[in-house]
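For reference, the structure is listed below as structure tokens.
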Amino acid sequence: MDSNALEHKELHFVVEENIPYMRGTLEPYGTVEYLPSDGITRDVAERADALLVRTRTRCDEALLHDTPVRLVATATIGTDHIDIPWCEANGIRVANAPGCNAPAVAQYVLTAVANLANRPVAEYRLGIVGVGHVGSIVEKWALSMGIDVMRCDPPRQRAEGGDGWFSLDEIAERCDIITFHTPLTRKGEDATFHLADDAFFEKCRRAPIIINAARGPVVDTQALIRAIREGRVYQAVIDTWEGEPEISRQLLDLTTIATPHIAGYSLHGKMRATRMVLDAVSETFGLPPIPFEGETATPVARRVNVPKLLWSYDQYADDAALRSDPAAFETLRDTYSFRAEP
């Protein structure tokens, strides 16, 4: 062990055990505990300098008050499981992995389009609600397939101006497929909680395919159930669910494709997330760059097509696994075999 590693040996890292590729990376720099998400408790936090988590660990005052924790890093894009204002006010750095799984989610969305299309995909109009890391790749790949795209992203529209932006009402009225890629926010003019509600579905003129691979509560479950039963929504593709892991069996029965929150579960997406978490550890504690086994860089595809998507991902296998045992939602996530990106 080199002198730099010895200098940092007093650090104590708590790592959610299902973050891929983490084992063996931090041991040269301190003590490491690998725990299930529900094992990261107040008692554990009281001896930790850093918590490296996923979405199932709620990181807030109840967990972190009067602890030595200096870093909470989540190997996910989303941060709604972290009370960021409280952490920042109490000197705890928060880091996430923006964009890490964006190509994988785009793969999921456009594979669903390819699977469900009953005419050439170029004859569809796709509405993208939220055009950030994920939505931008969905847009690029959809255009490469010849699909007409309409974009809705009020914060970007206000910041950037220009043409090519559409309201949520216009998306509802004019699109054959609508996919959501927003964060989950509950307050403010751009709140996304139940963004797709009864009022939204009542405006859907073309009985669209609805895809939710963002956050479950972006879509109102009961409103979607009513819309499907009344014919205002033709088909639903659901990867993220309200109340996970206890999902609505009514909605499950009505969906065309249903999966256990694995849209972003690609091999390289997980590598990118782990890389970002380790970089946050290095920056926070003054450590050298931390390598990990199997790390590799892969460029994001510039174009995709229907055969490439269907070859890269057997979406119906994931659908069948969830339908066969909905109660195994978390187990299916934790034991998922990461797929290759197209």
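Among the residues of the range 102-114, is any part of a loop (DSSP other than H, G, I, E, B) and not acidic (Asp, Glu)?
Within the range 102-114, the first condition is being part of a loop (DSSP other than H, G, I, E, B), and the residues that meet it are none.
Taking every residue of the range 102-114 in turn, none turns out to be part of a loop (DSSP other than H, G, I, E, B) and not acidic (Asp, Glu).
Just one of (1) among the basic types (Lys, Arg); (2) assigned to a loop (DSSP other than H, G, I, E, B); (3) open to solvent by 50 Å² or more (accessible area, probe 1.4 Å); (4) touching a residue at least 24 places away in the same chain (Cβ under 8 Å) trips up ARG232, so point out which.
(3)
How many residues, within the range 115-135, are touching a Ser or Thr at 6+ places or on another chain (Cβ under 9 Å), outside any helix (DSSP H, G or I) and either at pLDDT below 95 or among the aliphatic types (A, V, I, L, M) (or both)?
3
Considering only residues that are farther than 27 Å from ARG93 by Cα, out of contact with any strand residue (DSSP E or B) (no Cβ under 9 Å at 6 or more places or on another chain), open to solvent by less than 80 Å² (accessible area, probe 1.4 Å) and aromatic (Phe, Trp, Tyr), which ones fall in the range 279-338?
Residues satisfying the conditions are PHE329, TYR336.
Quick one: how many residues across the range 65-101 are part of a helix (DSSP H, G or I) and either open to solvent by 70 Å² or more (accessible area, probe 1.4 Å) or touching a helix residue (DSSP H, G or I) at 6+ places or on another chain (Cβ under 6 Å) (or both)? Spell out how you get there, then give the answer.
Restricting attention to the range 65-101, the residues satisfying the condition of being part of a helix (DSSP H, G or I) are 84-89.
Narrowing the set further to residues that are either open to solvent by 70 Å² or more (accessible area, probe 1.4 Å) or touching a helix residue (DSSP H, G or I) at 6+ places or on another chain (Cβ under 6 Å) (or both) leaves 85-86, 88-89.
Total meeting the criteria: 4.
Quick one: ASP239 ticks every box in (1) open to solvent by 10 Å² or more (accessible area, probe 1.4 Å); (2) at pLDDT 95 or above; (3) closer than 17 Å to ASN101 by Cα except a single one, so which number is it?
Tallying (1) open to solvent by 10 Å² or more (accessible area, probe 1.4 Å); (2) at pLDDT 95 or above; (3) closer than 17 Å to ASN101 by Cα, ASP239 fails exactly one: (1).
Within the range 244-283, can you find the residues that are within 18 Å of THR111 (Cα to Cα) and outside any helix (DSSP H, G or I)? If you could, list the steps in order and put the result at the bottom.
Looking only at the range 244-283, we keep the residues that are within 18 Å of THR111 (Cα to Cα), and these are 255-269.
Of everything in the range 244-283, those that are within 18 Å of THR111 (Cα to Cα) and outside any helix (DSSP H, G or I) turn out to be THR255, THR256, ILE257, ALA258, THR259, PRO260, HIS261, ILE262, ALA263, GLY264, TYR265, SER266.
Can you find a residue that is touching a Ser or Thr at 6+ places or on another chain (Cβ under 6 Å) and farther than 22 Å from LEU287 by Cβ anywhere in the range 58-66? Quick ask: steps written out before the conclusion?
So in the range 58-66, the residues touching a Ser or Thr at 6+ places or on another chain (Cβ under 6 Å) come out as none.
Within the range 58-66, none of the residues are touching a Ser or Thr at 6+ places or on another chain (Cβ under 6 Å) and farther than 22 Å from LEU287 by Cβ.
For the range 288-324, give me the residue count where each residue is out of contact with any helix residue (DSSP H, G or I) (no Cβ under 8 Å at 6 or more places or on another chain) and in a loop (DSSP other than H, G, I, E, B).
5
Please work out which residue is surrounded by the most Cβ atoms within 10 Å (Cβ to Cβ), limiting yourself to the range 8-55 and to residues that are in contact with a His (Cβ under 9 Å, 6 or more places away or on another chain) and of a type in the set (S, T, N, Q).
Filtering first and then ranking leaves THR55.
The values are calculated or read from the model by the stated rules, or taken from the named source; none is laboratory data. Because the structure is a prediction, the values reported are computed rather than measured. Quick reminder, even Gly has a Cβ in these numbers, built from the backbone with ideal geometry, and neighbours come from all protein chains shown. Surface areas here come from the heavy atoms of the whole protein model, side chains and all, with no ligands, DNA or RNA. Shrake-Rupley method; radii C 1.70, N 1.55, O 1.52, S 1.80 Å.
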